[in-house]
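Only one structure is covered here, and it is reproduced in the block below.
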Amino acid sequence: MSGLVGRKGLGPVGLSFLILGAITTLLPFYFMFVFSTHERSEIFSVPPPLWFGEYFIENVGILIQKIPFWINLGWSIYVGFAATALTLLFCSMAGFAFAAYNFRGKNALFALVMATMIIPAFLGMVPSFILMDTLGWIDQPRALYLPAAAPALGIFLMRQYIQSAIPNDLLEAARLDGCGEFSIYWRVVVPLLGPAFGTLGLIAFIGSWNNFIGPLIVMRSVERYTFPLALRSVQSPVDTEWGALMAGSVVAVLPLLVIFIFSSKKLIAGLTSGAVKS
């Protein structure tokens, strides 16, 4: 083990494995960016292109001709922000209730909420479709953000953060000053949830932006597709424009990469907050 981990950190062997893992992870992204700048005939040439070309704008133009590009992109942005806002609202309210109040069945209810995390998502596909069809939400964007507005992970993160960062004495002081319970939540708790909001907001937005199965189940018209599903519709068994598809993948991935690069430290800090209580 001395070669893997030294006294001051990773040893040479461990560092080599780390670099190899990083290269293996980043290589598909590199080729996606490279192929997005080449036309289809160049992509399938032997050997394939290993450096950037000059065909990116043309590939985007092909994509715009095949799908309602800006409409699909707009729907993804709208659904992503709506899902994020509702997740922050409902998860913070539920986390506050579990952290600040004692009521009959509290532990059992929290355990039930946490148990939903171990249920495979595909088991809910058919019930979800039946429910959305019964409500008349098929081909409606609200079918994408309302059912996922209170995920168990978000409730857990908020509960842990509130328990570790907001003392009960502060809540009691607000009650003595005459604040109602909702006023305590809105005026006292919410302003202190900045790090937790940042972390959960990133998780919610990325999850909504990358969601493919949900739109595939409930969306019917191409104009209502979110961007990942619209990209899938570009593929065909005969004449898929792979350069255009790669260009669309770059457009879909680039915002997430930028967000993650500038917020990765805050994301990790928010995930670990409340893990250890003083």
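The values are calculated or read from the model by the stated rules, or taken from the named source; none is laboratory data. Quantities reported herein were computed from a predicted structural model and do not represent experimental measurements. Note that each Cβ is placed from the backbone with ideal geometry, even for glycine, and that neighbours are counted across all protein chains shown. Note: accessible area is taken over every heavy atom of the protein model, side chains too, but ligands, DNA and RNA are not part of it. Shrake-Rupley method; radii C 1.70, N 1.55, O 1.52, S 1.80 Å.
General observations
- Assuming charge only on the beta carbon of Lys and Arg (+1) and of Asp and Glu (-1), the dipole of the stretch 46-166 about its Cα centre is about 600 debye to the nearest 20.
- For the chain, calculated [θ]222 nm from helices alone, where every DSSP H run of n ≥ 4 adds -39500 (n - 2.57): -21000 deg cm²/dmol
- Entry note, the stretch 36-100: relative contact order of 24 percent, from Cα contacts under 8 Å with a spacing of 6+ residues.
- Surface composition of the chain: carbon plus sulfur atoms hold 69% of the accessible area, using a 1.4 angstrom probe and ignoring ligands, DNA and RNA.
- Charge-dipole axis of the chain as Lys and Arg at +1 and Asp and Glu at -1 on Cβ define it, positive-most pick from Pro68, Gly207, Val190: Val190
- Local net charge near Tyr101, Cβ-Cβ under 15 Å (Lys/Arg +1, Asp/Glu -1): +2
- Using Cβ point charges alone (K and R +1, D and E -1), the dipole size of the chain about the Cα centre works out to roughly 920 debye.
- Taking the Kirkwood radius as Rh and the Cα radius of gyration as Rg, the stretch 25-123 has a ratio of Rg/Rh equal to 1.26.
- Which labelled figure in (1) 40, 28, 17; (2) 47, 22, 14; (3) 30, 24, 17 is semi-axes √(5λ) of the Cα gyration tensor in Å, once derived from the coordinates: (1)
- Qualifying trypsin sites (Lys or Arg not before Pro) in the stretch 5-86, DSSP loop, other Cβ atoms within 10 Å at most 13: Arg7, Lys8
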